Structures are given as structure tokens and as C-alpha cells.
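The values are calculated or read from the model by the stated rules, or taken from the named source; none is laboratory data. Remember, it's a predicted structure, so these values are computed and weren't measured experimentally. Here Cβ is always computed from backbone atoms with ideal geometry, including for glycine, and neighbour counts include all displayed protein chains. Side chains included, ligands, DNA and RNA excluded: accessible areas come from the protein's heavy atoms. Shrake-Rupley method; radii C 1.70, N 1.55, O 1.52, S 1.80 Å.
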Amino acid sequence: MPAKANIGVVGLAVMGSNLARNLASREGNSVAIYNRSPERTRELTAAHPEAGFVASESIEDFAASLSKPRTAIIMVKAGTPTDAVIDQLVAAFEPGDIIVDGGNALFTDTIRREKAVRETGINFVGAGISGGEEGALHGPSIMPGGSAEAWETLGPILRSIAAVAEGEPCVTHVGTDGAGHFVKMIHNGIEYADMQLIAEAYDLIRRGTGKSPAEIADVFAEWNKGELESYLIEITAEVLRQVDAETGKPLVDVILDQAGAKGTGAWTVQTALDLGIPVSGIAEAVFARSLSSKPDQRKAAADLPGPAATWKVEDAESFIEDVRLALYASKIVAYSQGFDEIVAGATEYGWDIRKGEIAKIWRGGCIIRAQFLNRITEAYAADPNLVALLTAPYFRDAISRAQDSWRRVVVAAASAGIPSPAFSSSLAYYDGLRADRLPAALVQGQRDFFGAHTYRRVDKPGVFHTLWSEDRREVEIEAGH
Ligand code: NBP
């Protein structure tokens, strides 16, 4: 009888295989593996004898190959495949065992699954895992939810495989049931915004200065040495430098300009709408991908009038610096909005999420890893109840430095007819937030006019309705407190 494994992986496509290899490479782990189609299991075992996998071709054998409490990470396609595997594991496992879903589940599915599995006495943990296939192999950022009891067993295992940033593993117990997948969803939403902002910056620089993609790659490489330092800025330089082997053109000019999406950005926005949280930067990023992927509409609209395409800035160097600052300010807005959604989700679902810890575990392994996450951790350490991230002293200063540039860039883009939905919506959000008075007063008036929705007054407490069509008197509906 071979020695039992302390951890198992179910689902051996790219993510599961890499995660299993990562687990096997860490001191003290013995890894059991199982996949629905046994060919994948055999291939992985044969390709990586050094991993010493304990391979099974039935879920029963897989369960029997694990030491107790049995702990298995599911890495299958999100949705019904995940439910199917959970059902199989629940049948094969015992109370006290731990089932981890490491796929990209919708957090409400995780809440539902956790509740159902808990009733059997088995622990269920929804764990967001970010970093793509490279991260899974070398060290992802991991966002586990679930019970404190499950975390006791799982914590050391996940710490052993997570990315390390400044000496600390990029994993923390985020909160109960769906908290981990919720935070992973927000991570992805911020990732959408970050990518769109970078794309807008590239587009404006290219059209405004006439620089080539390779020259703009140098600009991004330079930016990556400063406050914008991040994985996405780094890879942007690499993508822009790439030349297409077939045509000799910059690869970015050969790639069809229709961006795909797998849904986590849309989930972030849908959830934000339910929670009433404005995440306009993220929403514009999701919509920009949708717009790009409407070739028929784009073709039909291609001859609609707009400014001539001959726009060039006078001073390329100062424009590029303006774009850099506009990008930084808009990025602060995207993170601030993302953290607002985390706070609202935590309140709605009863999670005790430590915001500073979330920023910390995003510093390594994941797609949005960035130098400035340290500033977010510091901001929440200084004031755990910070009402809006962008009002923290560091970010307030950064936006003060950036705002003139930000406005110039948005004006230039609008005048030149270049779409910059994420830059401009972030600026509008910023101006909305800091406004002394908003035209929401007029909206309330309209609502009261057609729907008797009432309004409150600036000069006295209470709830009021105006008798618009009769004698235009105001009546008090409820006494103020
Ligand atoms: P896929 O999402 O492509 O799923 C393929 C795996 O699901 C295979 O192991 C397949 O088994 C299994 N599977 C399916 Br499909 N239906 C099944 C069923 N009814 N019962 C049992 N197994 C079933 O794999 P992936 O790209 O490695 O991603 C795995 C998870 O990680 C997903 O939830 C994904 O969203 C998430 N994720 C992916 C990335 C990424 O960069 N790819 C990043 C972060 C998270 P088979 O071999 O028998 O068909």
C-alpha cells in the first residue's frame, strides 16, 4: 500500500496540472491526482515522474489515496462540471474532510455549495486562484474563503504554493463561504479596468505622437521603473515590442481588435449594480470589450462624422507624461471602486474582510500585481474604516499631482475623437465624488413630479412631496428626525 497523499487535485487541464506540479514541488507534500478522462492523468504522471504523483482513475481510489482529513482541490471548468465533481467527492469523502473549489466560480454559487456541503459535515472552501497557468505552476495569489477549521489544514498547504511578495506568501483566509471567490471576482474586475486604461494610454500616445509600437514599448518599459510598476505594464511593453513572424509587422497591428471576455468582469459589474456601488471604470472596461466585439455595428458606423484622423500633439514628451499621470489617477479610481465593492459585499454577506490583507496578497502571483498595492495596505493600516481609498493621504496627493494632466488628456481625446471611456469615466467619477452639489437634486425633483417619489430638503428635516399639478404646494409626508 503506497503512502497516502496529504493533498489531491481533481481536474488536470492546464490549471490543475500546473497546480498539482507546484504542490508536488514543495517540501512535505504528496499529491494525489484524478481527472474524468484518465488519459490526462496518465499523461501528467508520465511527463512528470519527479512529482511522484499518486494517480487514480476512479474517484473512490482517489479518496482512498488521501490521508485524513482528506483535502482535494477541484480545478475543473466552472459551472455544472464543478457541481458534478463536488457531488462525487461528497459521496466519497467523510465529515471533517475538505473540498476546495479552485476554479473561477461565481461567489453566489460558492455560497450555495458551501451551505449544501456543510450539511454533510464536510468542509467546502471556494478559493480564488489568480495568475493564469504560470502562476499555478510557480506561485499564484490565492484567495480562499470557507471555515476557520478548514483553513487550519489548508493554510499551510496553500502557503507552501503561493507566490511570495516581500517575504510574505500571497494567500490569506479572506472570510467565510463565498468571500474568496467574491474577492477574486473583484480582482478580475480591477484587472479589466487596468488593461483598458493601459490600452487607452497606448492608443492616445500612438495617435497623438505617431510613435511606433516598439517606441511605445520603450515608454511602458520606462514607466515600469516608477510608480506604475506592475505586471501588466511590464507585459504591455513586451506585447508592443513583438513582431509578427509572418508579415514583419508589429504583432499588435495584426491582432484582430476584438477583445474577448470570460465573464468575471461582467460579474463584478452585475454585482456592483445589485449592491449599488459605482464601479464605472470597471464597467467601461467591460463595455469597451463588448463594443470592440460588435463588428457589424462598427462597420455600419464607420462613416459617421468625427474629427479628422490627422491629430498630432505639439509636444510629445509632455503629452506622454500627461498620459502617464492620467493612467495613474484613473488606476487609483479603479482600485478605489473595487475596494468599495469589497466593503459593500462584506457588509451584505457578513464577511470580515481585512482590506489591507487583500492588497498584500495581490502584490505577487496575480495579474494585477503592482508596486502601489503596498500604498493601499498602508492606507487601510492607517485607517481601517477609510470611506474611500482615493481620499487617503497618499492617493489624495497622487491625484492632486495628476489631475491637470488627467483633464488635458480627456479633453484631447474628446477633441480628437479618440475613445477613452475608462479615462473619462474615471475623471467624471472623481469630479462627481468631490462635487459640493450634484444635479441629483433635479433628478429627485423629476422623480417626485412623475412618481411622487418624495425628496428631502437641505434646510429642514423630513420627507416632502410637491403637489405639482394643483396648487404647487409642498406637503410634508413624514416628520424629520
Ligand atoms: P478548463 O476550464 O478548460 O476545464 C477542463 C477540465 O474540466 C478538464 O479537467 C475536464 O476533464 C474537466 N471537466 C469538464 Br470540462 N467537465 C467535467 C465534468 N462534468 N466532470 C468532471 N470533470 C470535468 O480547465 P482550466 O483552464 O485548467 O481551468 C480550470 C479552472 O481554473 C476553471 O474554473 C477556470 O476558470 C479556472 N482558472 C483558469 C485560469 C486560466 O488561466 N486558464 C486562471 C484562473 C482560474 P476532461 O479532461 O475529462 O475533459
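The aspartates and glutamates whose alpha-carbon is closer than 20 Å to the alpha-carbon of K460, local same-chain residues fewer than 8 away aside, are D436, D448, E474, E476, E478.
Checked against a 26 Å cut-off, the cross-linked pairs K249/K299; K331/K360; K77/K355; K77/K299; K184/K294 give Cα-Cα distances beyond that limit for K77/K355; K77/K299; K184/K294. Seen through its C-alpha gyration tensor, with square-root eigenvalues sorted a ≥ b ≥ c, the chain comes out oblate because a/c lies at 1.5 or above while a/b is not bigger than b/c.
Using R0 = 25 Å, the C-beta based FRET efficiency linking E166 and A382 works out to 0.85. Candidate cross-link partners of K312 among the lysines, defined by an alpha-carbon separation under 19 Å and a same-chain spacing of 8 or more, comprise K211. Counting only heavy atoms of the protein chains and using a 1.4 Å probe, E39 has close to 100 Å² of accessible surface. For the peptides 256-268, 6-18, the ranking by packing is 6-18, 256-268, with the highest mean count of neighbouring Cβ atoms within 10 Å listed first. In this structure, V458 and E134 have a Cβ-Cβ separation that, at R0 = 60 Å, corresponds to a calculated FRET efficiency of about 0.65.
When nucleic acids and ligands are ignored and a 1.4 Å probe is applied, V164 ends up with an accessible area of around 100 Å². Judged by the mean number of other Cβ atoms found within 10 Å, the most tightly packed of the peptides 105-116, 127-138, 437-448 leads the ranking 127-138, 105-116, 437-448. Taking label points 7 Å from Cα along the Cα-to-Cβ direction, Q270 and L291 give a separation of 2.3 nm.
For a paramagnetic label modelled on E152 (point 7 Å from Cα along Cα→Cβ), amide N atoms under 16 Å away belong, within the range 81-120, to 95-99.
Close amide H pairs (under 5 Å, H built 1.01 Å from N) link I74 with V10, V100, D101, G102, residues at least 5 positions away or on another chain. In summary, the helical segments of the chain meeting the span-like criteria, namely a full DSSP H run, a Cα extent along the axis of 24 angstrom or more and a mean Kyte-Doolittle hydropathy of at least -1.0, are 179-209, 316-349, 393-416.
Protection proxy ranking of 290-296, 183-189, 235-241, by the mean of other Cβ atoms within 10 Å over each peptide's residues and highest first, is 183-189, 235-241, 290-296.
Quick check on the range 305-462: take the gyration tensor over C-alpha atoms, sort the square-rooted eigenvalues as a ≥ b ≥ c, and tell me if it's rounded (a/c under 1.5), prolate or oblate. Here the range 305-462 falls in the oblate category. The accessible surface of the chain, taken with every protein chain in place and a 1.4 Å probe, is 53 percent carbon and sulfur. The convex hull built on the alpha-carbon positions of the range 148-190 has an orientation-averaged projected area of 3.5 nm². Could you tell me the center-to-center distance, by alpha carbons, between the range 19-69 and the range 122-149 in angstrom? Cα centroid to Cα centroid, the span is 18 Å. What does the C-alpha gyration tensor say about the overall shape of the range 31-80? Classify as rounded when a/c is under 1.5, otherwise prolate if a/b is larger than b/c, or oblate. The shape class here is oblate. Note: relative contact order over the range 1-73, using C-alpha pairs below 8 Å and six or more positions apart, is 40 percent.
Y202 exposes around 40 Å² of accessible area when a 1.4 Å probe is run over every protein chain in place. Note on A309 and D253: their simple-model spin labels are 1.2 nm apart, each label 7 Å out from Cα toward Cβ.
The simple spin-label model puts a point 7 Å past each Cα toward its Cβ; for A214 and S400 those points are separated by 4.3 nm. Under the criterion of Cα pairs below 8 Å and six or more residues apart, the relative contact order for the chain equals 12 percent. Taking every alpha-carbon pair under 8 Å whose residues sit at least 6 apart, the range 204-326 reaches a relative contact order of 27 percent.
Rounded to the nearest 0.05, the FRET efficiency derived from the C-beta distance between D431 and E50 at R0 = 56 Å is 0.45.
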